[in-house]
Amino acid sequence: MLRSTSLRRIALIALTLALLATASFAAPKNVILLIGDGMGVGPVAAGRIGSVGPNGRLTVDTMPFTGFALTHSANRLVTDSAAAGTALATGVKTNNGTISMDPDGKRLKTILELARDLGKSTGLISTSYITDATPAVFASHVSSRGKTEDIAAQMLASRVDVILGGGKRFFTPKSKGGVREDERNLMDEATKRGYSAFDSADALTNCKSDKFIGLFADHVMTSDRPEPTIAEMTDKTVSTLSKNAKGFFIMSEGGKIDHLAHGNNKDGVIKEMTMFDDAVKVALDFAKKDGQTLVVVTADHDTGGMAMHEPSDESPKFTAGWTTKSHTGNMVPVYAYGPGAELFTGTLDNTDIPNNIAKLWGRKLN
Ligand SMILES: [Zn+2]
């Protein structure tokens with residue numbers, strides 16, 4: 001009797017240990033989250049077929065763990081970037097138009113703020129204006145995405161180490177050609193806070209500082225010289241923030257896949273998708289060498305409902321079909337590589353993405 005009790009106890013301990021082994025994943029020191037705004041499966045297919053052909057492969061196609069994310073918001077089947085971004089940044093669904101607050105107006109903690117609290121360095125990159133909804137949700141909290149002047153001020157106050165993108169006008173006083181009614185010059189304030197502040201690709205290349213803000217366009221970036229590309233911005237940010245022994249969190253957004261898909265511009269989507277994929281390659285190359293970096297690539301929502309059709313004389317690679325000039329409620333792809341990547345498979349909710357990252361760091365977000 002005594003013997004069978006102790007045997008049962010041993011069996012129970014063995015079972016518990018086995019369960020613990022399957023439930024715990026390696027914790028990534030660094031996380032690079034790349035968001036293709038509007039990057040449903042259509043833009044991914046367009047980028048592949050349009051650049052390397054149907055038998056070629058983009059960098060995202062080589063990532064070992066894949067899944068889908070659901071994108072509906074708290075109040076709509078078809079989300080906007082503010083609500084979708086809030087889900088990707090905080091793990092909570094909110095109403096369309098809201099930046100990292102819940103539907104009742106409660107402030108939500110973001111994965112970037114958690115990383116900062118853990119002593120990690122942080123960076124935000126976008127080819128759109130940096131106060132646009134996707135970068136905004138990681139470092140600001142406002143009731144409406146239109147409050148871009150508040151977003152800019154909060155972003156700076158949140159102590160993000162690296163800020164790169166467009167949108168200089170939101171940091172510049174009205175009297176100096178910007179849009180700030182409060183006449184604050186946030187680029188000057190950034191310098192006083194210890195940031196290097198600049199507006200050209202050359203200055204980015206030559207920057208030796210560990211904290212910098214580079215705003216390369218008044219509004220959305222062109223990515224043509226003298227502006228840097230998203231790959232160059234991502235590369236510089238990774239090489240700078242990787243000096244922190246506690247690690248880093250970087251969000252890098254290809255913001256213009258969405259813009260071109262709104263215009264049902266096939267060639268524009270191909271170009272933006274391949275440029276975004278170049279940034280994914282930068283992240284993946286670093287992660288492969290580093291071995292402690294989780295790379296997650298996803299979208300906030302699909303834009304345009306883009307589909308591939310047989311080529312025609314005018315469109316020798318493929319013909320694009322579109323269902324809308326707005327967003328759709330389609331699922332979006334998720335790609336992952338690195339420690340913990342196995343958590344990003346199957347059909348996920350968009351809120352699972354930051355919640356899984358927080359879980360890997362042994363924390364809860366909201
Ligand atoms: Zn959009």
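Derivation of every value follows stated rules applied to the coordinates shown; laboratory data play no part. In this text, all values refer to a predicted model and were calculated from it rather than measured experimentally. Virtual Cβ from ideal backbone geometry, glycine too; neighbours counted across all protein chains shown.
Here are a few things to note about the model shown:
- Residue 62-residue 176 pseudo-label distance in nm [points 7 Å out on the Cα-to-Cβ vector]: 4.3
- The chain gives an Rg/Rh value of 1.02, both radii derived from C-alpha positions and Rh following Kirkwood.
- Only DSSP H runs of four or more residues enter the estimate; each adds -39500 (n - 2.57), and after division by the residues of the chain the mean residue ellipticity at 222 nm equals -11000 deg cm²/dmol.
- In order through segment 106-120: 3J(HN,Hα) via Karplus (6.51 cos²θ - 1.76 cosθ + 1.60), integer Hz, x for Gly, Pro: 7, 5, 10, 6, 9, 5, 5, 5, 5, 4, 4, 5, 8, x, 7
- Helix runs (DSSP H) in the chain reaching 27 Å along axis by Cα, Kyte-Doolittle at least -1.0: 2-23, 266-290
- Between residue 244 and residue 317, the contour length at 0.36 nm per residue exceeds the Cα-Cα span by 21.8 nm.
- Debye, to nearest 20: dipole size of segment 27-360, +1 on Lys, Arg Cβ, -1 on Asp, Glu Cβ: 840
- One way to sum up the overall shape of segment 87-244 is the equivalent ellipsoid from its Cα gyration tensor, whose semi-axes run 23, 19, 14 Å, largest first.
- Net charge of Cβ neighbours under 14 Å - reference residue 205; Lys, Arg +1; Asp, Glu -1: -2
- Cα-based reach from residue 271 at 25 Å (exclusive), listing lysines while leaving out same-chain residues under 8 positions away: 168, 236, 256, 281, 317, 325
- Extension gain (nm, one decimal) between residue 144 and residue 310, 0.36 nm per residue minus Cα-Cα: 55.6 nm
- HN-Hα J in Hz across segment 211-217 - Karplus 6.51, -1.76, 1.60, θ = phi - 60°, x for Gly and Pro: 10, 8, 10, x, 10, 9, 8
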